[in-house]
Amino acid sequence: MTKPGRAWVLGDDIDTDVLAPGKYMQGGLSGLAAHCLETVRPEFASEARPGDVLVAGKNFGIGSSREQAAEALRHLGIVAVLARSFGGIFYRNALNLGLPVFRSDDLSEITDGEKVVMDIDAPSLTRTSNGEKIDLEPLPDFLLHMLHDGGLVPHLEKKFKRATPE
Amino acid sequence: MSGQTLAQKVIARACGRARVETGEIVTANVDLAMVHDSSGPRRLKPVLERLGVDVWDPDKIAVITDHFVPAYDDGTREIQALTKDWVRAQNICAFHDQMGICHVVLPEQGHLQPGMFVVGGDSHSPTGGAFGAYMFGIGATEMAGVMATGKIWIMVPETIMIEWRGALQDYVTAKDIMLFLCGALGMDGGGYQAVQYSGSAISALSMRERMTLANMTAELGGQTGLIEPDRVTLDFLEERGVSPGSTDHWRTDADARLLAHHRFHANRLAPQVAAPHSPANARDISAYDKTPVSVAYIGACTGAKLDDLRNAASVLENRNPARGVEILVAPASVQDQEIAASEGVMKIFEDAGARILPTSCGICAGYGANRLGEDVVCISSTARNFKGRMGAPSSQVYLGSPYTVAASAIAGYIADPREVAL
């Protein structure tokens, strides 16, 4: 499944307080998502479109276990996050919420705003400007199945339905 | 075949196996799941309803309110009501309401033992590792999966051994060790593997100091921070009615394979301070040339337990803060605050003009009614000084030990407690 969008290139150490600020954690998702990445890219929440991809440095998502950090990105239309490395809890949260995440050391050429096409199944990222295809490391099968189901909850729904015949 | 690390042994037991190999992906049975009022019932209830199930075992769940307490508006009151209703509906007995921060209340109330495999709905869940339990943090959806099934997948981690030999100087603490490590190894130094702390300086730490070490393993990027249980652990647990019996098994075998083994000398460690906006900015306190501060914050699971309160008070006794410095104290648990009060420690804070805040996460996580204002410069005993976390993005937070926070409050600038406390 492929989806075209733009790349949002971010630096290192983008933490969960930047992605989901504590001030807005009390309320609902859309209110919180409006402030996602506000302190580093103020225009992000209003300009992100479905199909867009985040490209980050090391330690993306470090900090809190608040999964709203991943949820907000998904809500704003981000189809994948590519980074040199991830905070461990964020990595699991993203997959559980159906947001594909990939580690890669081959992201340095990508420029902010350039057109890209994400292929979750290959998995790969193609840069539209020059046709360059960046191959990504596939996820373990059981996590890929969960992603295809849409995340942990839809995956468990299927499991529980199978267990209780109607 | 080589021996196993403590991490491998706990995970093996949780899988019902004699041994597990690092790098294997296994499914483990959860001994205990801990949630608080932010990551807990308000997030779990809709998911469990959608799945059409109740919790797998109400006796293996602890719910602790610490984020949205005390309630101060309709939204927070609603969260508290929902939390109480859900606990009742699910027949959960271990409900600790407004007793303090979850990572401190959990062991205080006797829920942890060496060898347990525990998940917590909070990133500072590694705190439980201080007791030789494999405890780590997960998000709310993952927790809902645990609540429904009682299981979780885990990749068996490598162990990074961090050994501290010798002994800490006076006024140098576990917090200084952790800030130093964040500076030396980076916030991904733990590599989402198991970090284990060992050595004479670690064995000499009190249980609460060990909790500080395990707690800030989160900032080091480890999945958990483990300390082998010993007499200190058993004394703490036995005082709370927990008798784990022999802890001989819960050790890393001498011939277990480690990913890395770092060795440091505690005698040489000076107080550390981490400048905004990262714990990895830690440097020796001498590097800070009289940086003025206006707020001195003693709070959080990391920095306001009983030992932390005692330490800060020992510096503040009969002293006043510098003009223009506000001291805020938010004890980590009601129990620790009560013990501190009985020792006269809370009176020292009051006499120094400190504002005593509720026993909740509060300012540390940027929750609640008190947050740092524009351009405020704060020295804090908490774990994380990310930009905008504790208040306005323009606020600047320096991290230090409770001794350092107290010394800085007196001086009006970042100050070495070894000098101020004379």
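The values are calculated or read from the model by the stated rules, or taken from the named source; none is laboratory data. Everything numeric in this text was worked out from a predicted model, so none of it was measured. Note: ideal-geometry Cβ built from the backbone for every residue, glycine included; neighbour counts use all protein chains shown. Note: areas computed on protein heavy atoms with side chains; ligands, DNA, RNA excluded. Shrake-Rupley method; radii C 1.70, N 1.55, O 1.52, S 1.80 Å.
Descriptive notes on the structure:
- Prolate is the label for the stretch B:44-184. Its Cα gyration tensor axes, ordered a ≥ b ≥ c, give a/c of at least 1.5 and a/b above b/c.
- Centre-to-centre, using Cα atoms only, the stretch B:306-382 and the stretch A:42-113 are separated by 36 Å.
- The residues of the protein assembly as shown expose, per residue, 36 Å² of accessible area to a 1.4 Å probe.
- Chain B - Rg (one decimal) and Dmax (whole number), Cα, Å: 20.6, 64
- Association of chains B and A removes close to 3100 square angstrom of accessible area from solvent, both sides included, for a probe radius of 1.4 Å.
- Label-reachable residues, the stretch B:119-158, where backbone N falls under 16 Å from a point 7 Å from A:ASP149's Cα toward its Cβ: B:141-154
- Amide H partners (placed H, <5 Å) of B:GLN396, local residues excluded: B:VAL376, B:VAL377, B:CYS378
- D_trans [Stokes-Einstein, Kirkwood Rh over alpha-carbon pairs] for the protein assembly as shown, 25 °C, 0.890 mPa s, µm² s⁻¹: 102
- Remark: the protein assembly as shown carries a charge dipole of roughly 320 debye about the Cα centre, counting +1 on each Lys and Arg Cβ and -1 on each Asp and Glu Cβ.
- Expected 222 nm ellipticity per residue - DSSP helices of 4 or more, -39500 (n - 2.57), all of chain B, to 500: -9000 deg cm²/dmol
- Straight-line cross-link partners of B:LYS347 among the lysines, defined as a Cα under 21 Å from its Cα and at least 8 positions apart when in the same chain: B:LYS305.
- Candidates per GluC sites (Glu not before Pro) in the stretch A:1-77, loop by DSSP, up to 10 other Cβ within 10 Å: A:GLU43
- Structure note, pairs A:LYS58/B:LYS45; B:LYS290/B:LYS387; A:LYS159/B:LYS151; A:LYS3/A:LYS133; B:LYS84/B:LYS387: Cα-Cα distances above 24 angstrom occur for A:LYS58/B:LYS45; B:LYS84/B:LYS387.
- Across all directions, the average projected area of the convex hull around the alpha carbons of chain A is 10.2 nm².
- Summary of packing: across the peptides B:222-228, B:290-296, the per-residue average of other C-beta atoms within 10 Å ranks them, highest first, as B:222-228, B:290-296.
- Max mean-square fluctuation residue, GNM over chain B, Cα-Cα springs under 10 Å, options B:CYS378, B:CYS182, B:CYS93: B:CYS93
- Per DSSP, loop GluC sites (Glu not before Pro) in the stretch B:323-378 with at most 12 further Cβ within 10 Å: B:GLU374
- Per residue of peptide B:34-43, the mean number of Cβ atoms on other chains within 10 Å of the residue Cβ is 2.
- Placing a label point 7 Å from the Cα of B:ASN267 along the Cα-to-Cβ direction, the residues of the stretch B:188-219 with a backbone N closer than 16 Å are B:200-202.
- Loop-resident sites, the stretch B:16-89, for chymotrypsin sites (Phe, Trp or Tyr not before Pro), counting at most 13 other Cβ within 10 Å (DSSP): B:TYR72
- Rounded if a/c under 1.5, otherwise prolate or oblate - the stretch B:264-422, Cα gyration tensor axes: rounded
- In this rough spin-label picture, where each label sits 7 Å from Cα along the Cβ direction, the B:ASN318-B:ALA392 distance is 3.9 nm.
- Within straight-line cross-link reach of B:LYS60, aspartates and glutamates at Cα separation under 15 Å, skipping those fewer than 8 residues along the same chain: B:ASP31
- Here the average projected area of the convex hull drawn through the C-alpha atoms of the stretch B:172-326 stands at 11.1 nm².
- With a 10 Å cut-off around each Cβ of A:62-73, the average count of Cβ atoms from other chains is 6.
- Built amide H within the under 5 Å cut-off of B:SER401, gap 5+: B:GLN272
- Between B:ALA28, B:ALA300, B:ALA133, the GNM of chain B built on Cα springs shorter than 10 angstrom shows B:ALA28 fluctuating the most.
- Chain B: most fluctuating residue of B:HIS36, B:HIS262, B:HIS277 per GNM, C-alpha cutoff 10 Å: B:HIS262
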